[in-house]
Amino acid sequence: MTRSRLFPALTALFALLGTLACVDPKPGDTSTTPLYVYDNASHQVLAWDDINTIADLAADSSAPAAARTIKGDAITNLGTLAWGGMVLNTNSNNLYLISETGGVVRVNNASNQNGTLSSTTDIATFTLGNTSSDRLASSVFSQAALDTSSGTLYVLETGSSNAWRIWVVSNPDSILSGTVAPAGTYLDSTITQDTGGAAIAATGSGNLIGFFRSGSTVPDTLGVLNGGPRLRLSSGTAFQYNTQVLVGDGTKLWDGSNTPANASLAYDTTFNRLYVARPIASGNAVLAFNQGQFTLGNMNQAPYGALPDTATALAGLRFLAHAQVKDWMAGADFTASTTGSGTGANILRIWKSPSSAAASVRYYLGTGVEIRGLALDGSK
């Protein structure tokens, strides 16, 4: 039984979502997995040492109190966290928080931290480049990603006129507190001519995937031009113009009516699968692509699958995070605003075994919590 026979078209796929478990003979590991949540209202990190303590509850339950709370002046002074701007290096056990203005807080030895941190051995701060000279016009930082194979930190920066670039920060674990991360190493649109950077995810093998809202049309091997939102898989620290790209109406990255400004990516390193959330009017809220689809030669191809959550049910979904080597994914809602980038909500969405096409379950954190960052530790 091959995937191509099971899912020759997206329409057939949606009708056969329940058969995804046949493709992946056994679901991924859903054992003990710590969950970190950044509360932008209280400027602190809430930590549950096992996401199962929430996921075992009935839908729409209130989550139990966090097992640990990580706070300190460095976090309070960080400002507004970038959407999806918290990532964990599971190899070094360091947690990174990136603000919308490019400030970074590193919590060292995160799984063992609790309470107020002040020592630079526990918590460190640095900035991405010089804030007065190393920024795009109207700069805003958004989703971050971390490649556990190299420890490299990636952060998406956007600016006016749909400008974007992705910062590539090598060895962030070794950057001294109070210093500036060197500027000048970026993934950008020099070759691809894409516009409107929206989301990123690390594959865990030295490459990066980016979601871009638009850009120049891309010709396939037959000269057919494909346009609209696109996904790109990097080759190391570079994107190529018309290879390792998924673009065109077949990809279902866009429904033709809404500009997918609030897209988010999450990557499963066990099944080498990318989850894509993008705001659309109808259909499925989260698509799934396998990494191998980027190298098949057909850039205008249907997703591998989709999670059963509808766009209507997840209309407020803002970003995703995956446990990488374990089969958990989490997401958070937001309220859009006419000024600023919106406000986080206390709604936490959890997918247990998304590889088997599980739907999300909604839970509520404490009153007043504003979730802007999520990280799952699949290494435990």
Original post:
Which of the residues belonging to the range 172-191 are modelled with pLDDT of 95 or more and open to solvent by 60 Å² or more (accessible area, probe 1.4 Å)?
Top reply: S174, L176, G178, V180
Original post:
Can you tell me which residues in the range 343-358 are touching a strand residue (DSSP E or B) at 6+ places or on another chain (Cβ under 9 Å) and closer than 16 Å to H322 by Cβ?
Top reply: L348, R349, I350, W351, K352, S353, P354, S355, A357, A358
Original post:
Hey, any hits in the range 243-251 for a residue that's among the aliphatic types (A, V, I, L, M) and either without any contact (Cβ under 8 Å) to a residue 40 or more places away in the chain or assigned to a loop (DSSP other than H, G, I, E, B) (or both)?
Top reply: no
Original post:
Would you pick out the residues in the range 207-224 that are among the aliphatic types (A, V, I, L, M) and either farther than 19 Å from A261 by Cβ or open to solvent by 20 Å² or more (accessible area, probe 1.4 Å) (or both)?
Top reply: L208, V218, L222, V224
Original post:
Restricting attention to the range 161-168, does a residue exist that is open to solvent by 30 Å² or more (accessible area, probe 1.4 Å), touching a Phe, Trp or Tyr at 6+ places or on another chain (Cβ under 6 Å) and within 17 Å of I209 (Cα to Cα)?
Top reply: yes
**OP:** Would you please name the residue that is modelled with the lowest pLDDT, looking only at residues in the range 327-371 that are of a type in the set (A, V, I, L, M) and open to solvent by 40 Å² or more (accessible area, probe 1.4 Å)?
**Re:** A336
Original post:
For the range 287-326, which residues satisfy the criterion of being closer than 27 Å to E370 by Cα, aliphatic (A, V, I, L, M), open to solvent by 10 Å² or more (accessible area, probe 1.4 Å) and touching a helix residue (DSSP H, G or I) at 6+ places or on another chain (Cβ under 7 Å)?
Top reply: none
Original post:
Looking at the range 283-293, is at least one residue of a type in the set (F, W, Y) and more than 16 Å from the chain's Cα centre (by Cα)?
Top reply: no
Original post:
Of these, T158, T125, which one is under 30 Å from S216 (Cβ atoms) and not acidic (D, E)?
Top reply: T158
Original post:
Filter the range 225-239 for residues that are open to solvent by 50 Å² or more (accessible area, probe 1.4 Å) and modelled with pLDDT under 95; which is farthest from R165 (Cα to Cα)?
Top reply: S235
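Pull up the range 29-46, narrow it to residues that are in a strand (DSSP E or B) and in contact (Cβ under 8 Å) with a residue 40 or more places away in the chain, then point me to the one that is nearest to V325 (Cα to Cα).
The extreme case among them is L35.
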Original post:
Quick one: G204 ticks every box in (1) modelled with pLDDT of 95 or more; (2) surrounded by 20 or more Cβ atoms within 10 Å (Cβ to Cβ) bar one, so which box is it?
Top reply: (1)
Original post:
Here is a list of conditions, (1) closer than 27 Å to T243 by Cβ; (2) open to solvent by 20 Å² or more (accessible area, probe 1.4 Å); (3) in contact with a strand residue (DSSP E or B) (Cβ under 8 Å, 6 or more places away or on another chain), and G283 meets all of them except one; can you say which number that is?
Top reply: (1)
Original post:
Do we have A263 as within 28 Å of G342 (Cα to Cα) and modelled with pLDDT under 95 here?
Top reply: yes
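The values are calculated or read from the model by the stated rules, or taken from the named source; none is laboratory data. Since the model is a prediction, treat every value here as computed from it, not as a measurement. So basically every Cβ, Gly included, is an ideal-geometry build from the backbone, and we count neighbours across all protein chains shown. Note: accessible area is taken over every heavy atom of the protein model, side chains too, but ligands, DNA and RNA are not part of it. Shrake-Rupley method; radii C 1.70, N 1.55, O 1.52, S 1.80 Å.
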